[in-house]
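Okay, so here's the structure we're looking at.
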Amino acid sequence: MTGNAKIAHAFHSNPPPEWALRHRKSPPQMLWDLIGAPLRMVVLPDYQSERFGFTSLRAERLRMVLPELRGRVLDVGCGDNMLLRLYREKNRSSAATESVGADVTAWSDDVMLIENAAHFSFDDASFDTVSYIACLNHIPERVEAIQEAARLLRPGGRVVATMIGSFVGKIGHALWWYSEDKEREMHPDELMGMDTNDVVGLFERAGLKLTLHKRFGYGLNNLFVAEKL
């Protein structure tokens, strides 16, 4: 693990500050985030953004995604599994306790290690939600992965995903000194971002219907929710 990755990994054992996860920001926080937008969007990694009192990019994503989770969740590309750690704290049900975070790298002890996102050993209709937070573009087998998500979902279950657009992603990854493409060799089928039509196309191909699309982070990021019919 390289120096930047070690720093990011060590910090991500800690959750974002509670104030950063509130669904509605206070006016002073909105002003401070706006003043610091170039820093937190381009220059500062999450742990430094939070140290200066900015709402970090990870907090922005978590704040949008947490209210959309339902029942037993499979978080694919879970990283340090922070999403499910927070979900379990807020939801003490047995379904939340049985939720699973999976990734190709075991970033923490409670991550299920997988070879790829297209094949899981779980039975059909095992989950109420399957989530992909800022990772669909980094899954080479993304078409098969969403089809696998549809298999794993119960009727009425949902896929929740966040994604930056391709244009913003290319600019961002060129500027972000701490992004993962600087830490490892990229697969030829990985992308720097995905446009809305491409994400919705993945859902439709798997028989999922888009039910919610919201922009956040000054319109540079997208939240998608698609349901199994």
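The values are calculated or read from the model by the stated rules, or taken from the named source; none is laboratory data. Note that the coordinates shown come from a computational prediction; the quantities given were computed from them, not determined experimentally. Counting neighbours? That spans all protein chains shown, and the Cβs are built from the backbone with ideal geometry, glycine included. SASA here: full protein model, heavy atoms, side chains in, ligands and nucleic acids out. Shrake-Rupley method; radii C 1.70, N 1.55, O 1.52, S 1.80 Å.
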Name every residue in the range 156-168 that is at negative phi and surrounded by fewer than 20 Cβ atoms within 10 Å (Cβ to Cβ), in order of residue number. S166, F167, V168
Subset of the range 155-177 (residues that are of a type in the set (F, W, Y) and farther than 19 Å from I139 by Cα): W176, W177
Of the conditions (1) more than 19 Å from G172 (Cα to Cα); (2) open to solvent by less than 60 Å² (accessible area, probe 1.4 Å), R85 satisfies every one except a single condition; which number is it? (2)
Complete set of residues in the range 170-212 that are free of Cβ contacts under 8 Å to residues at least 12 places away in the same chain, of a type in the set (S, T, N, Q) and open to solvent by 60 Å² or more (accessible area, probe 1.4 Å): N197
Could you tell me how many of the residues in the range 21-48 are closer than 19 Å to L66 by Cβ, out of contact with any Leu (no Cβ under 7 Å at 6 or more places or on another chain), of a type outside the set (S, T, N, Q) and assigned to a helix (DSSP H, G or I)? 1
Scope the range 72-92; condition in a loop (DSSP other than H, G, I, E, B) and of a type in the set (K, R); matching residues: R72, R92
Extreme residue, farthest from T97 (Cα to Cα), among residues of the range 129-149 that are open to solvent by less than 10 Å² (accessible area, probe 1.4 Å) and either assigned to a helix (DSSP H, G or I) or β-branched (V, I, T) (or both): N137
Take the conditions at pLDDT 95 or above, more than 27 Å from S131 (Cα to Cα) and surrounded by fewer than 17 Cβ atoms within 10 Å (Cβ to Cβ) and apply them to L31. Does it pass? yes
Output the residue which, of all residues in the range 56-71 that are outside any helix (DSSP H, G or I) and of a type in the set (G, A, S), is farthest from the chain's Cα centre (by Cα). G71
Residue tally, condition open to solvent by 30 Å² or more (accessible area, probe 1.4 Å) and either in contact (Cβ under 8 Å) with a residue 12 or more places away in the chain or assigned to a loop (DSSP other than H, G, I, E, B) (or both), over the range 213-223: 5
